[in-house]
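Visitor: Okay, handing you the structure first.
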Amino acid sequence: RFSITNNGSLPLTDIVFSLSSGTNSVKILGDSRWRVDYMAPLANFPMSTTVYAAEDVINTPTEFEINADYIERGQSKTDTLNIGAYVDGQIRIRTYDLDINYVGDAPNLVGNLLNEGNTVALFTTIELVNPAVEAESSQSNLNKSLVTGPSQQQYLGDLSENSPLPFSIPLSINSNLPSGDYPVSLNVTYSDNLRMVHEMLLNDTVVYEGQPSTSSNNDSNNDAFAFVNGFSGIFPMVIIVIIVIIVGLFLIRRRHKR
């Protein structure tokens, strides 16, 4: 998008603007020629078109040339203008594989950020925030939140294109929270190649299956304890039987000797 202004003090008529690219890596796909019948002094004419830029010119400057043919005071004139531009890459971030994992007894929200764009997102950070409550929700759990307090902002580094970046955020979950699907809102900030900071809110859903059960571990411990106790009760009887057998064998051998 660009615009051209008549900076002179006289009106211009029968104006033809033409746009051309200064490099073979940038092609004009849309309109490249415009006709304007009349432009008053200081009048502004906006223009826009569609261009294609190859990946090898992402994050680099480029140049366009504008030719203007017009009539001023009945005379045909021509002007040439050069426009400098910057080919900015595209950054599109989304989340996937959200889950709740337990490290010891501490729950953590784990997942990945994926940049589906064509340039790197620099200095990426992530923070778990309270999701907006939806007034009309088909599931009651979606009106609740896993977040009981603000989380700390985490620095993840550079998010390259087509390359997942994992994250793990500690959670503080109420032990009485029922299992179900819960909304998750992640505030992601990053900088582009011009060091301009961008902020975006990613909304998703995670499945919470409740606190992990420890009954199986307790049962196995109880079984082992019962086995040890049972064995400790049988052990003295086994010793007595072994002593009786040894004494009997000793007496039998004495009789045979006699």
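Visitor: I'm checking my understanding of the structure. Among residues of the stretch 164-182 that are open to solvent by less than 50 Å² (accessible area, probe 1.4 Å) and under 28 Å from Thr119 (Cα atoms), which one is modelled with the lowest pLDDT?
Guide: Ile169
Visitor: Here's something else I'd like to know. Exactly one of (1) open to solvent by less than 70 Å² (accessible area, probe 1.4 Å); (2) at pLDDT below 95; (3) over 30 Å from Gly117 (Cα atoms); (4) in contact with an Asp or Glu (Cβ under 9 Å, 6 or more places away or on another chain) is unmet by Val16. Its number?
Guide: (2)
Visitor: May I pose another question? Looking at the stretch 149-161, is at least one residue part of a loop (DSSP other than H, G, I, E, B), modelled with pLDDT of 90 or more and within 22 Å of the chain's Cα centre (by Cα)?
Guide: Yes, because at least one residue in the stretch 149-161 is part of a loop (DSSP other than H, G, I, E, B), modelled with pLDDT of 90 or more and within 22 Å of the chain's Cα centre (by Cα).
Visitor: When you go through (1) at pLDDT 95 or above; (2) part of a loop (DSSP other than H, G, I, E, B); (3) not hydrophobic (A, V, I, L, M, F, W, C) one by one for Asn24, which number turns out not to apply?
Guide: Checking Asn24 against (1) at pLDDT 95 or above; (2) part of a loop (DSSP other than H, G, I, E, B); (3) not hydrophobic (A, V, I, L, M, F, W, C), the one that fails is (1).
Visitor: Same structure, new question: Please verify whether Ser32 is closer than 29 Å to Gly117 by Cα and without any contact (Cβ under 8 Å) to a residue 24 or more places away in the chain, treating the condition exactly as stated.
Guide: yes
Visitor: Within the stretch 62-89, track down each residue that is exposed (fewer than 12 other Cβ atoms within 10 Å of the Cβ) and polar (S, T, N, Q).
Guide: Gln75, Ser76, Thr78, Thr80, Asn82
Visitor: Before we move on, is Val26 touching a helix residue (DSSP H, G or I) at 6+ places or on another chain (Cβ under 7 Å) and surrounded by 12 or more Cβ atoms within 10 Å (Cβ to Cβ)?
Guide: Numbers: touching a helix residue (DSSP H, G or I) at 6+ places or on another chain (Cβ under 7 Å): yes; surrounded by 12 or more Cβ atoms within 10 Å (Cβ to Cβ): yes.
When the stated conditions are applied, Val26 passes them.
Visitor: Something else: Just wondering, is there one or more residues in the stretch 105-121 that are at pLDDT below 90, exposed (fewer than 14 other Cβ atoms within 10 Å of the Cβ) and part of a strand (DSSP E or B)?
Guide: Yes, that holds for at least one residue.
Visitor: Which one of the conditions (1) open to solvent by less than 30 Å² (accessible area, probe 1.4 Å); (2) over 21 Å from Met200 (Cα atoms) does Ile126 fail to meet, given that it meets all the rest?
Guide: (2)
Visitor: Select from the stretch 1-21 the residues that are in contact (Cβ under 8 Å) with a residue 60 or more places away in the chain and within 14 Å of Val51 (Cα to Cα) and list them in ascending order.
Guide: Hit for the stretch 1-21 is Phe2, nothing else.
Visitor: Say whether the condition of being in contact (Cβ under 8 Å) with a residue 24 or more places away in the chain and of a type in the set (Lys, Arg) is met by at least one residue in the stretch 75-91.
Guide: no
Visitor: In this structure, is Ile100 at pLDDT below 95, among the β-branched types (Val, Ile, Thr) and farther than 30 Å from Leu194 by Cβ? Show your work before the answer.
Guide: Details: at pLDDT below 95: yes; among the β-branched types (Val, Ile, Thr): yes; farther than 30 Å from Leu194 by Cβ: yes.
It is true that Ile100 is at pLDDT below 95, among the β-branched types (Val, Ile, Thr) and farther than 30 Å from Leu194 by Cβ.
The values are calculated or read from the model by the stated rules, or taken from the named source; none is laboratory data. It should be emphasised that the depicted structure is a prediction, and the values quoted were computed from it without experimental measurement. Quick reminder, even Gly has a Cβ in these numbers, built from the backbone with ideal geometry, and neighbours come from all protein chains shown. Ligands, DNA and RNA are excluded from the accessible area calculation, which covers all protein heavy atoms including side chains. Shrake-Rupley method; radii C 1.70, N 1.55, O 1.52, S 1.80 Å.
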